[in-house]
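Everything below concerns the one structure shown next.
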Amino acid sequence: MDKRLTVIGQENSIFNQFMYEVRSVDIQSDRMRFRKNLQRCSQIMAYEMSKELAYEKKLVTTPLGELEMDLVVQPPILVSILRAGLPMHNGFLDFFDGADNGFISAYRHHTKGNDFVVKVEYLALPPIEGRTLIICDPMIASGRSIVLSYQAIVPEKGQPGQVFLCGLIASEEGIDYVRRSIPNAHIFVGALDSELTAKAYIVPGLGDAGDLAFGNKE
């Protein structure tokens, strides 16, 4: 087992109910419910990821006494790829409510036929030197968007102490590309699908997460 890859949906939990609903054509057409399910999946992912963070003991005083508890050493920096990553961002913020936040745009620019390039045009985030960096993108298809986003951030904004890359659904091909490109990253995904079409869409996947969450774009 590759310890750099965690596929949450491989274990039985309520997580798979939410995954079923984001995939189902009969349910996902409700945009509010789709966004909510993305958020709920991300909350569970944030909890699972929290087990990999660094902790330190801190004394807490209760009405009846004192005890030491293990708390996260430092809140992470949470970066989402616009626009599809926003519901995931909200889910992670529900758990890492002290996180610093960043946003980056990465989108496909189609050229001829099935060919496209990924363009990164907007970047806003704090310095990341020595920090835990979390990058969220619901669909890791070819893997190019999340890799280019990482390369736009590092080393320009510093060298992170830990790197987590998160997606709701990934293709096997995309994960292979991400692992080759960012070997130090720990990848968390909800599901790993086997097929990637010539247009780099995941099958069975769920469709276009950004359009389903926020409406069609031109």
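Can you tell me which residue in the range 16-26 is least open to solvent (accessible area, probe 1.4 Å), limited to those that are under 19 Å from Val203 (Cβ atoms) and out of contact with any Gly (no Cβ under 7 Å at 6 or more places or on another chain)?
Across the range 16-26, the extreme among qualifying residues is Val22.
Tell me yes or no: at least one residue of the range 191-200 is modelled with pLDDT of 95 or more, within 26 Å of Lys36 (Cβ to Cβ), touching a His at 6+ places or on another chain (Cβ under 7 Å) and not basic (Lys, Arg). Explain how you work it out, then say what you get.
Applying the first criterion (modelled with pLDDT of 95 or more) to the range 191-200 yields 191-193.
With the extra rule that they be within 26 Å of Lys36 (Cβ to Cβ), the set shrinks to 191-193.
Those still in the list that are touching a His at 6+ places or on another chain (Cβ under 7 Å) too: none.
No: zero hits.
Which of the residues spanning the range 27-52 are open to solvent by less than 30 Å² (accessible area, probe 1.4 Å), in contact (Cβ under 8 Å) with a residue 60 or more places away in the chain and of a type outside the set (Phe, Trp, Tyr)? It would help to see each step written out before you state the result.
Step one: of the range 27-52, the residues open to solvent by less than 30 Å² (accessible area, probe 1.4 Å) are 28, 34, 37-38, 41-42, 45-46, 49-50.
Narrowing further to those that are in contact (Cβ under 8 Å) with a residue 60 or more places away in the chain: 28, 34, 38, 41-42, 45, 49.
Within the range 27-52, Gln28, Leu38, Cys41, Ser42, Met45, Met49 qualify.
Under 9 Å by Cβ, and 6 or more places apart or on different chains, what pairs join a residue from the range 1-25 that is under 17 Å from Cys166 (Cβ atoms) with one that is among the aromatic types (Phe, Trp, Tyr) and open to solvent by less than 50 Å² (accessible area, probe 1.4 Å)?
Note: pairs meeting the criteria are Leu5/Phe188; Thr6/Phe188; Val7/Phe188; Ile8/Phe15; Ile8/Phe188; Gly9/Phe15; Val22/Phe34.
The values are calculated or read from the model by the stated rules, or taken from the named source; none is laboratory data. This is a predicted model, so every value here is computed, not measured. Here the Cβ is made from the backbone with ideal geometry for all residues, glycine too, and neighbour counts use every protein chain on show. Protein only, heavy atoms only, side chains kept; ligands, DNA and RNA dropped before computing areas. Shrake-Rupley method; radii C 1.70, N 1.55, O 1.52, S 1.80 Å.
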